[in-house]
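Just so it is clear, none of the values below were taken in a lab; they were calculated from the coordinates. Because the structure is a prediction, the values reported are computed rather than measured. Counting neighbours? That spans all protein chains shown, and the Cβs are built from the backbone with ideal geometry, glycine included.
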Amino acid sequence: MKLHPSTLVVHSGVEPEEHTGASSVPIFMGSTFHQKDIDTPQPFDYSRSGNPTRQAVEETIALLEGGTRGFAFASGIAAMSTCLGLFGAGDHLIATRDIYGGTYRLLDKVWSNFGVETTFVDATDIEAIRSAARPNTRGLVLETPSNPTLSITDLRACASLAKERGWLTIVDNTFMTPCLQKPLELGIDIVVHSATKFLGGHSDLIAGAIVVKDDKLGKRIGFLQNAFGAILSPHDSWLLLRGIKTLAVRMEVSQRGAAQVAEYLSGHPKVKRVYYPGLSSHRGQEIHRQQAKGAGAVLSFDLGGKDEVKKLFAHIKLPLVAVSLGGVESILSYPATMSHAAMEPAEREKRGIGPGLVRLSVGLENPDDLKADLEEALKAL
Ligand SMILES: *Cc1c(COP(=O)(O)O)cnc(C)c1O
């Protein structure tokens, strides 16, 4: 039976507990497991290598993404680092230019020290990817919609180019979640998540995930997860599992709110520009529609300058002004000093991250309240 995401989030990977029938997966805190017979391997031996609570959340995420194996990590960046462990000295990668700041830092400042070179390109342009290719190119690191200008990369076209050249494709699916976009079904090899955001959904957890479909790739990631050891704890695995149960309804409500707020901001005289894949003015909207089920709950808008941003932040009441996104509460952030602080100002400008750019992750508040709050705060500009 092919189940919808809203059913899967509640039922996948979670059988009633074997011994007691408990509705919730127990938090198995054991670091190690008694081995009945040293010649016969048991499902679990040591919690870095595998833990029943972590396994439950890993299976859930794998099912949601349409993969065969899932892996849970201590953070989104731990997941990305582990994934990049697939590459080594002499390898070349091509990455989306406006990728998450922490991923940029990892590629530009850490992996570069191990002899892995990355070329950052405007991935909305498949020709730019093609011309960045080198004989030693091994992988493509993508994010769509990207952060924070929500530019759209054609995942099917990238997957097909990569297959032709024998490159591995990695997509950070944090902004969309499997409820709205399933990269593995579009031919992508590896999905990475910051589960800190929508998957966890309550701004009370740092976590990450990887999902793959291919068996051999699953074994390699499994090896790397154990080798690096940046695993998600049993307690946090349980918290993530609990968050995921409401993922589908949260995405639906937040997305509806985001569409209304984006529409409202587009008509506001003090707002210079709105970036949201659900607006007909958004570049790449058509491609996005072909590869995703919705525009998501994150939008960005430009107020012209930093002074305007400071005034808005001083007067806004409902959203948190914070790093992060994907929570039950709306979150306003300032990419220039928050998510993209790791990027040099010149690099930020190249990506359209000007001093007036603000990112808004819409939560579960009534959209009329959010609009009224913005209306009041924008009067101060
Ligand atoms: C937050 C974020 C990350 C990093 O995840 P952490 O859980 O903070 O380590 C990676 N990619 C995207 C798109 C993010 O928003």
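Between Glu329, Glu18, Glu185, the residue with the greatest mean-square fluctuation in the GNM of the chain (Cα pairs under 10 Å linked by springs) is Glu18.
Annotation: average projected area of the stretch 202-276 is 7.9 square nanometres, based on the convex hull of Cα atoms across all directions.
Too long at a 27 Å Cα-Cα cut-off: which of Lys2/Lys213; Lys272/Lys311; Lys350/Lys371; Lys163/Lys216? Each step should come with its number before you reach the end.
Details: Lys2/Lys213 17 Å; Lys272/Lys311 16 Å; Lys350/Lys371 31 Å; Lys163/Lys216 16 Å.
Pairs exceeding 27 Å: Lys350/Lys371.
Rounded to the nearest angstrom and listed largest first, the equivalent-ellipsoid semi-axes of the stretch 80-143 from its Cα gyration tensor are 18, 14, 9. Dipole magnitude for the chain: about 580 debye, using +1 per Lys or Arg Cβ and -1 per Asp or Glu Cβ, origin at the Cα centre. The eigenvalues of the Cα gyration tensor, multiplied by 5 and square-rooted, give the stretch 248-378 an equivalent ellipsoid with semi-axes of 21, 19, 14 Å from largest to smallest.
In a fully extended conformation the segment linking Phe114 and Ser31 would gain 26.7 nm over its present Cα-Cα distance, using 0.36 nm per residue. Compute the acute angle (0 to 90°) between the alpha-carbon long axis of helix 306-315 and the principal axis of greatest extent of the alpha-carbon atoms of the chain; round to the nearest 10°. With rounding to tens, the tilt is 80 degrees.
Between Ala314 and Arg289, the contour length at 0.36 nm per residue exceeds the Cα-Cα span by 5.4 nm.
Considering only Leu150, Ile170, Met80, and ranking their Cα positions along the charge dipole of the chain that arises from unit charges at the beta-carbon of Lys, Arg, Asp and Glu, the one farthest toward the positive end is Leu150. For the stretch 96-108, the Karplus equation 6.51 cos²θ - 1.76 cosθ + 1.60, evaluated at θ = phi - 60°, returns couplings of 4, 4, 9, 7, 3, x, x, 6, 4, 4, 4, 6, 7 Hz by residue, with Gly and Pro reported as x.
Within the listed set Ser23, Ser160, Ser146, the Gaussian network model of the chain (springs between alpha-carbon atoms below 10 Å) gives the highest mean-square fluctuation for Ser23.
Over the stretch 77-223, the ratio between the Cα radius of gyration and 2.2 N^0.38 Å evaluates to 0.97. For the stretch 146-230, the equivalent ellipsoid derived from the alpha-carbon gyration tensor has semi-axes of 22, 20, 10 Å in decreasing order. Per-residue ellipticity at 222 nm computed for the chain from its helices equals -10500 deg cm²/dmol, with DSSP H segments shorter than 4 residues left out and the rest contributing -39,500 (n - 2.57).
Between the Cα long axis of helix 52-65 and the first principal axis of the chain there is an angle of about 50°, rounded to the nearest 10. Taking all C-alpha pairs of the chain, those more than 33 Å from each other amount to 30 percent.
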